[in-house]
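Okay, so here's the structure we're looking at.
The values are calculated or read from the model by the stated rules, or taken from the named source; none is laboratory data. If you're wondering where the values come from, they're calculated on a predicted model, not measured in any experiment. Don't worry about glycine lacking a Cβ; one is built from the backbone with ideal geometry, like all the others, and counts go over all protein chains shown. Keep in mind that these areas ignore ligands, DNA and RNA; they rest on the heavy atoms of the full protein, side chains included. Shrake-Rupley method; radii C 1.70, N 1.55, O 1.52, S 1.80 Å.
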Amino acid sequence: MRILVVGSGGREHALCWKIAASPLCDKLYCAPGNAGIAADAECVAIGAEDIEGLVGFAKREKIDFVVVGPEGPLVKGLADRLEAEGIATFGPSAQAAALEGSKGFMKDIAAKYRIPTARYARFTDPAAAKAFAKSFTPPIVLKADGLASGKGVIICTSLAEAEAEIDAMLTEKKFGAASAEIVVEEFLDGEELSFFALTDGKHVLPLVSAQDHKRVGDGDTGPNTGGMGAYSPAPVATQEIEAAILDRIIRPTVAGMAAEGKPFKGVLFAGIMVTKEGPKLIEFNVRFGDPETQPIMLRMKSDLLPALMAARDGNLQNVDLRWSDETALVVVLAAKGYPDKPQTGTVIRNLDAAAKVDGVTIFHAGTKANARSEIEAAGGRVLGVSATAKSFGEAQARAYRAVDLIDWPGGFCRRDIGWRAVNRA
Ligand code: AMP
Ligand code: GLY
């Protein structure tokens, strides 16, 4: 098979690494890819959001199967366009991708199909939004309806802050068109986890749980990021909690989307808060998580490709996935200044030695090769230093052993990735 993966992050490197190992894969392309992906796939210089460029390439190169990494192109209809050209694609239609593309739509689906989630309402009028915000004891959660590069959620610690943010979002259009409408919702208290399931629109195949670290600083402090590290499994995800997530959240959503005439095919990524009343849905993403995919792919023993194809073809009921019972953990190395102003263009050395540490795999995110064939930082999150081991403590030790061998004065990382899991063990 001739396969194209769309995207350029650590998630896409982990997907390419796994797909390249499949006996079904003859030729693998990645658009646009990065310097690490280039070891597993041929990178082509087409942006992940260049819908017509990607469709043209897939037709020209007779691609058999496309795997879309990020949400942006899905929300823009990349899967619909490719399928219309007869190119099989892993990833939901634009209508189904609205589960991530519109927070209001996602909340309405949850309400209609009785999926446990935070109490909410949708607003375009600031006065009405403020009146509703008064009905909550702070914190009060505000969400831009549309995609806002991961910045669209604001947790306000007072009513006054919420009122000011409502004006900023609705009146001053802080997030542009994405905040022309907002969701105001209840704050959920508990421990967060990431849950992933493949679905073909009808059948559901759960993957494994993971947890990520969203805050930039040690001890989960500082601004939110795309994720500074992750590990799998999530110790908080007991069998009972996983069963509740499947029965109360994932299955009703898949059935509900089918009933709406918008069947969801692809990977459904549920952000879950484990509350005193059980698991509740925080949000859906319509793609694999980044960096959660890195530890998840390291734990997957089975061939990923047939599972992705079955999700697209509608016969996921025939697929079974096997998992390593080892733990896996990824430490993200980011460029100094991330998440506000990452400084790119700095050179990273000694990656080969770091990759030789027992149990370690290094996935690239924002990297490129410069004219001297050195690896340079080319984004905010730059590397995902990943390790597997029997215990979280050992996986963590292995990952940091590799991190400490990397010579990159322009970068930084958190030193406590996996602390919850290590402490619990
Ligand atoms: P994202 O949408 O990925 O930027 O993430 C927003 C983050 O905000 C989530 O991962 C949660 O940590 C937090 N969050 C969102 N909604 C709520 C809520 N209703 N209650 C508590 N925390 C929330
Ligand atoms: N790590 C969270 C995300 O992929 O959105």
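Would you call Lys301 more than 16 Å from the chain's Cα centre (by Cα) and farther than 24 Å from Ile3 by Cα?
no
When the residues of region 129-143 are narrowed to those that are under 27 Å from the mean Cα position of the chain (by Cα) and surrounded by 18 or more Cβ atoms within 10 Å (Cβ to Cβ), which ends up nearest to ligand 2 (Cβ to nearest atom)?
Among residues in region 129-143 that are under 27 Å from the mean Cα position of the chain (by Cα) and surrounded by 18 or more Cβ atoms within 10 Å (Cβ to Cβ), the one nearest to ligand 2 (Cβ to nearest atom) is Lys143.
Could you list all residues from region 178-209 that are among the small types (Gly, Ala, Ser) and either open to solvent by 50 Å² or more (accessible area, probe 1.4 Å) or part of a strand (DSSP E or B) (or both)?
Ser194, Ala197
Limited to region 300-316, what total is found for residues that are in a helix (DSSP H, G or I), out of contact with any Asp or Glu (no Cβ under 9 Å at 6 or more places or on another chain) and surrounded by fewer than 19 Cβ atoms within 10 Å (Cβ to Cβ)?
1
Among the candidates Ala97, Ala121, Ala110, which residue alone is within 16 Å of ligand 2 (Cβ to nearest atom) and under 25 Å from Glu71 (Cα atoms)?
Among Ala97, Ala121, Ala110, only Ala97 is within 16 Å of ligand 2 (Cβ to nearest atom) and under 25 Å from Glu71 (Cα atoms).
Given Glu165, Glu172, Glu181, which one is touching a residue at least 60 places away in the same chain (Cβ under 8 Å) and among the charged types (D, E, K, R)?
Glu181
Looking only at region 210-225, how many residues end up being within 16 Å of ligand 2 (Cβ to nearest atom) and open to solvent by less than 20 Å² (accessible area, probe 1.4 Å)?
4
Okay, residues lined up against (1) in a helix (DSSP H, G or I); (2) of a type in the set (Ser, Thr, Tyr); (3) crowded, with 18+ Cβ neighbours inside 10 Å:
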position	(1), (2), (3)
Gly56	yes, no, no
Lys62	no, no, no
Val66	no, no, yes
Pro73	yes, no, yes
Thr89	no, yes, yes
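Can you pull out the residues in region 144-177 that are away from ligand 2 (no atom under 16 Å from the Cβ), open to solvent by less than 50 Å² (accessible area, probe 1.4 Å) and outside any loop (DSSP other than H, G, I, E, B)?
Across region 144-177, the qualifying residues are Ile154, Cys156, Ala162, Glu165, Ile166, Asp167, Ala168, Met169, Leu170, Gly176.
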